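This report concerns only the one structure given below.
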Amino acid sequence: MLVQFSVKNYKTFESEAKISFVASKYYAEKEEDNTVDFPKFDLQLLKSAVIYGANASGKSKLFDAMFFAKK
């Protein structure tokens, strides 16, 4: 399971960019269907996330970096 991913100096990413699936305290107070509890680690993770931005802002390059790390 992916908890956090960061990329730096890859294609168009000169500075560090991060995506984290750790749920905020807002979700901890509510019963949401988009979270999974890990009480052993006192952690709540999101099942999904949304990446949005303007054209040519690096959305596809973030996925390229994730696939590169997977290989």
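FYI, it's all coordinate maths here, none of it is from the lab. Quick caveat: nothing in here was measured; it's all calculated off a predicted structure. Don't worry about glycine lacking a Cβ; one is built from the backbone with ideal geometry, like all the others, and counts go over all protein chains shown.
Among Lys25/Lys70; Lys25/Lys71; Lys8/Lys40; Lys11/Lys71, which pairs are too far apart, with a Cα-Cα distance over 26 Å? Present the calculation step by step, with values, prior to reporting the outcome.
Working: Lys25/Lys70 30 Å; Lys25/Lys71 33 Å; Lys8/Lys40 31 Å; Lys11/Lys71 16 Å.
Flagged as over cut-off: Lys25/Lys70; Lys25/Lys71; Lys8/Lys40.
With the simple model of a label 7 Å out from the Cα in the direction of the Cβ, Ser57 to Val3 spans 2.8 nm. At R0 = 22 Å, how high is the FRET efficiency between Phe13 and Phe38 if r is their beta carbon distance? Nearest 0.05 is fine. The calculated FRET efficiency here is 0.15.
For region 3-26, the residues whose backbone nitrogen is under 17 Å from a point 7 Å from the Cα of Met66, taken along Cα to Cβ, are 3-8, 10-13, 17-23. Ordering 40-51, 3-14 by mean Cβ neighbour count within 10 Å, with the highest value first, yields 3-14, 40-51. Distance from the C-alpha centroid of region 39-71 to that of region 1-24: 7 Å, rounded to the whole angstrom.
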